[in-house]
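A.B. asks: Dropping a structure here in structure tokens format, bear with me for questions.
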Amino acid sequence: VQTFRDNSNGANGLTFDHQGRLLACEGGAGRVTRTEKDGRITVLADKLNAPNDLVYCIDGSIYFTDLRRRDAPASAPPNAVYQITRQGEVRAVASDLGRPNGVALAANQQTLFVADSERQNVRAYEIAPDGGLIRGRVVADLKHSQPGGPDGLKTDEKGSLYVTGHGGVWVFNDGRHIGTIETPEKPANCAWGDNYRTLYITARTSLYKIRLRATGTRTF
């Protein structure tokens with residue numbers, strides 16, 4: 001194990017772009033960044049609350065969630081999903097969630113899924129031709145008597161949705177909860193690896209992995 005970057009400003013959600021450059025939500029600094037091949041840090045969006053998770057699209061744009069801090073002033077921007085366009089414009093595209101958290105794209109890149117940790121569900125939005133989000137609807141319900149709601153999420157090529165929540169990773173297909181990948185610790189996020197056939201799961205003090213028959217959605 002090697003340290004990739006010290007002082008990451010509370011980096012949370014991570015992904016890569018098509019050139020293999022690391023994209024990060026730096027929650028502690030209120031910004032989204034890209035690490036260049038030579039190690040330089042390029043700021044893609046700043047003056048945010050606490051960006052949480054992000055996903056890279058085939059058209060070169062980026063969707064990310066931004067959460068108000070508990071002690072945020074009244075003037076702070078609301079909780080929202082944002083898009084960074086190919087031209088570098090940062091714009092809010094959805095603000096109808098309680099606390100937007102993890103984000104993931106469908107395999108055909110025509111739908112964006114967003115976990116709402118406050119309302120304990122996952123919403124799906126159709127992506128309009130201009131990149132905006134339309135016709136949002138609830139597609140997964142993770143309501144549970146125990147504290148904590150959905151966090152990170154991913155999709156596979158057959159349309160299943162993998163959501164970290166109470167007890168492990170909840171798996172949904174067509175809105176139906178078809179099973180849970182149980183984890184020894186409370187999970188936070190998940191990511192595909194090993195040719196998109198292994199699901200890696202981050203938890204409180206450990207990293208877990210499980211080999212699956214499904215093939216994960218490729219976004220970079």
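The values are calculated or read from the model by the stated rules, or taken from the named source; none is laboratory data. Computed from a predicted model, the values in this text were never measured in an experiment. Cβ placement follows ideal geometry from the backbone for every residue including glycine, while neighbour counts extend to all protein chains displayed. Accessible surface is based on the protein model in full, side chains and every heavy atom, while ligands, DNA and RNA are left aside. Shrake-Rupley method; radii C 1.70, N 1.55, O 1.52, S 1.80 Å.
A.B. asks: When both residues are 6+ apart or on different chains and their Cβ atoms are under 7 Å apart, which pairs have a first residue that lies in the stretch 36-63 and is in a strand (DSSP E or B), and a second that is open to solvent by 70 Å² or more (accessible area, probe 1.4 Å)?
C.D. replies: Short answer, once both residue conditions are applied: 50/69; 52/12; 53/12; 56/16; 56/220.
A.B. asks: Go over the candidates 141, 116, 96, 130 one by one and state the one that is open to solvent by less than 20 Å² (accessible area, probe 1.4 Å) and among the charged types (D, E, K, R).
C.D. replies: Values: 141 fails: open to solvent by less than 20 Å² (accessible area, probe 1.4 Å); 96 fails: open to solvent by less than 20 Å² (accessible area, probe 1.4 Å); 130 fails: open to solvent by less than 20 Å² (accessible area, probe 1.4 Å).
Within the list 141, 116, 96, 130, the selection yields 116.
A.B. asks: Still on this structure, please answer the following. Residue 74: free of Cβ contacts under 8 Å to residues at least 24 places away in the same chain, more than 30 Å from residue 214 (Cβ to Cβ) and open to solvent by 20 Å² or more (accessible area, probe 1.4 Å), yes or no?
C.D. replies: Working: free of Cβ contacts under 8 Å to residues at least 24 places away in the same chain: yes; more than 30 Å from residue 214 (Cβ to Cβ): yes; open to solvent by 20 Å² or more (accessible area, probe 1.4 Å): yes.
Answer is yes for this residue.
A.B. asks: For residues that are of a type in the set (A, V, I, L, M) and either in contact with a Ser or Thr (Cβ under 6 Å, 6 or more places away or on another chain) or assigned to a loop (DSSP other than H, G, I, E, B) (or both), tally how many sit in the stretch 117-129.
C.D. replies: Of all residues in the stretch 117-129, those of a type in the set (A, V, I, L, M) come to 122, 124, 127-128.
If we keep only those that are either in contact with a Ser or Thr (Cβ under 6 Å, 6 or more places away or on another chain) or assigned to a loop (DSSP other than H, G, I, E, B) (or both) as well, we get 124, 128.
Number of matching residues: 2.
A.B. asks: Give 68, 31, 21 a once-over and let me know the one that is within 29 Å of residue 215 (Cα to Cα), touching a residue at least 12 places away in the same chain (Cβ under 8 Å) and open to solvent by 10 Å² or more (accessible area, probe 1.4 Å). Break it down into steps so the answer makes sense when it comes.
C.D. replies: Numbers: 68 fails: within 29 Å of residue 215 (Cα to Cα); 31 fails: within 29 Å of residue 215 (Cα to Cα).
That would be 21, the only listed residue that is within 29 Å of residue 215 (Cα to Cα), touching a residue at least 12 places away in the same chain (Cβ under 8 Å) and open to solvent by 10 Å² or more (accessible area, probe 1.4 Å).
A.B. asks: For the stretch 144-165, which positions are free of Cβ contacts under 8 Å to residues at least 60 places away in the same chain and closer than 24 Å to residue 66 by Cβ? Step through it out loud before you land on a result.
C.D. replies: Step one: list which residues in the stretch 144-165 are free of Cβ contacts under 8 Å to residues at least 60 places away in the same chain, which gives 144-151, 153, 158-162, 165.
147, 148, 149, 150, 151, 153, 161, 162, 165, listed by residue number.
A.B. asks: Can I ask one more? Restricting to the stretch 41-63, give me the number of residues that are buried (at least 22 other Cβ atoms within 10 Å of the Cβ), within 13 Å of residue 131 (Cβ to Cβ) and not β-branched (Val, Ile, Thr).
C.D. replies: 1
A.B. asks: Can you tell me which of (1) at pLDDT below 95; (2) open to solvent by less than 10 Å² (accessible area, probe 1.4 Å) is the one residue 199 doesn't meet?
C.D. replies: So residue 199 meets the others, but not (1).
A.B. asks: On to the next question. Under the condition of being among the polar types (S, T, N, Q) and surrounded by 12 or more Cβ atoms within 10 Å (Cβ to Cβ), which residue from the stretch 1-18 is farthest from residue 68 (Cα to Cα)? If you could, list the steps in order and put the result at the bottom.
C.D. replies: Our first condition is that a residue be among the polar types (S, T, N, Q); within the stretch 1-18, this holds for 2-3, 7-9, 12, 15.
Imposing the further condition that a residue be surrounded by 12 or more Cβ atoms within 10 Å (Cβ to Cβ) reduces the set to 8-9, 12, 15.
Values: 8: 20, 9: 16, 12: 15, 15: 22 Å.
Ranking the qualifying residues of the stretch 1-18, first place goes to 15.
A.B. asks: Only one of (1) at pLDDT 95 or above; (2) closer than 28 Å to residue 90 by Cβ; (3) open to solvent by less than 60 Å² (accessible area, probe 1.4 Å) fails for residue 135. Which number is that?
C.D. replies: (3)
A.B. asks: Might you let me know whether the stretch 172-182 holds any residue that is open to solvent by less than 40 Å² (accessible area, probe 1.4 Å), in contact (Cβ under 8 Å) with a residue 24 or more places away in the chain and under 22 Å from residue 94 (Cα atoms)?
C.D. replies: No: the stretch 172-182 contains no residue that is open to solvent by less than 40 Å² (accessible area, probe 1.4 Å), in contact (Cβ under 8 Å) with a residue 24 or more places away in the chain and under 22 Å from residue 94 (Cα atoms).
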